[in-house]
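Working notes, beginning with the structure itself.
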Amino acid sequence: MSLLKKPVVFAVGLALAAAASYWFWPAAEPAAGAGQGSAAPQGPGKRPGGQRPGGPRPAGGMANNPWAMPVPVRVIEASSTDLKVQIKAIGTVTPLNTVLVQSRVSGPLQQVFFQEGQKVEAGQLLAQIDPADYKVQLAQAQGQKDQNLAQLKSAEQDLDRYAKLKEQNTIAAQQMNTQQALVNQLKGAIKSNQAAIDAAALQLSYTQIKAPISGRLGLRAVDPGNLIQANSAEGLVTITQSSPIAVVFTIPETQLQQVRTAFRAGAALTVEAWDRAEQMQLSSGTLTTLDNQIDIATGTLKLKAEFANQHEELFPNQFVNVRLNVAVQSGAVTIPQDAVQYGAQGTYVYMVDQNNKAQIRVLKLGAVDNGLVAVEEGLKAGDKVVLEGLDRLRPDREVEVIQDAPKG
């Protein structure tokens, strides 16, 4: 800024300060007992009559001052109720079982018997591989067995004749033993033939691809007409078990002892699954498993809960808000969380005393359940707590209760 401009700026500042003092300087009150015709002392910034530029003060002093009027508020009474002690966490919906359906034999995919997204039962036929080659293999194995059975029958008849001749000492013992070995060899071959038949029949059965578990199908990976290979990595379709289903979530190790104590007590611990906004409860299940070690990187422990999910409220890999109920606090003094304020002195509320004046109560809070918070110290049941109209309150400020909110 140039030297010529500095005096101009300074002069403008002085003029603004003078105008402000003229407007806001307190007006002189008339002296006690002064007559109506007497003039009030004139001071700096005073107008005749000692009044502010905005007009005379309200009659009656502070009585008509809007900041001295009672503040309209809405209150709610602290109530005594049974409060669920909950641990909140973020969880992931996880199927109890997920199976990639693969063909166990190679061949052309002849026909598909399912629709994508369909719910299937274990053992249900899903697809058909062309069985022609496997029927041929089965017939070959069966023919080989029939051939060996015929040879065995002839060898056993020869063995019977050799046995009679041996009794008459007309043949050597060596010839008898050789025939007996041939019979035993053919019996072994027949057992091998039967195993080959069973293997061929098993391969033939694999041409019918069936659902290994019950669940819901995903998208089909292969279309009919394609030549598929046994145990292909891409598979045919995926099945996820959606009923029942699990939710996996983590808790801090600081809360582990509380959960373990409740879990070891034997009572089933209820787990609630809520949507992302925590506005709607999706389903309710039971805690089933605690992991066997804490993750040292995060200081948390994994837990698993199982949900019946009969109507498929939960979807695999869905993120949900989890509330684990570890205990019930009986007769707890509760207030809505919205009434709690936070300041330098800690958590507090405004309450209305018997004189309809607002007072600050510093609180020690406990468990939270569905918008309600337990008050361990600072309030008793029946105390009136301000829920709305908090912005204009000060300690000892008079209030006007316009409408009691419904009790929590």
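The values are calculated or read from the model by the stated rules, or taken from the named source; none is laboratory data. Bear in mind the structure is a predicted one, so any value in this text is a computation, not a measurement. Note: ideal-geometry Cβ built from the backbone for every residue, glycine included; neighbour counts use all protein chains shown.
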The correct count of residues that are small (Gly, Ala, Ser) and without any contact (Cβ under 8 Å) to a residue 60 or more places away in the chain in segment 113-138 is 1
So which residues in segment 136-179 are surrounded by fewer than 16 Cβ atoms within 10 Å (Cβ to Cβ), over 30 Å from LEU202 (Cβ atoms) and among the polar types (S, T, N, Q), if there are any at all?
SER154, GLN157, GLN168, ASN169, THR170, GLN174, GLN175, ASN177, THR178
Limited to segment 95-110, what total is found for residues that are farther than 19 Å from GLY218 by Cβ and in contact with a Pro (Cβ under 6 Å, 6 or more places away or on another chain)?
0
I'd like the full set of residues that are within 16 Å of GLY215 (Cα to Cα) and surrounded by 12 or more Cβ atoms within 10 Å (Cβ to Cβ), limited to segment 104-126.
PHE113, PHE114, GLN118, LYS119, VAL120, ALA122, GLN124, LEU125, LEU126
Can you name every one of the strands (runs of 3 or more DSSP E) wholly within segment 182-265 that holds 3 or more residues which are over 30 Å from GLY299 (Cα atoms), in contact with a Gly (Cβ under 8 Å, 6 or more places away or on another chain) and touching a residue at least 40 places away in the same chain (Cβ under 8 Å)?
237-240
Restricting to segment 305-328, name every residue that is within 17 Å of THR250 (Cα to Cα) and under 11 Å from the mean Cα position of the chain (by Cα).
ALA305, ASN317, GLN318, PHE319, VAL320, ASN321, VAL322, ARG323, LEU324
Look through segment 64-93, keep the residues that are in contact with a Pro (Cβ under 8 Å, 6 or more places away or on another chain) and surrounded by 19 or more Cβ atoms within 10 Å (Cβ to Cβ), and return whichever of them is modelled with the highest pLDDT.
VAL93
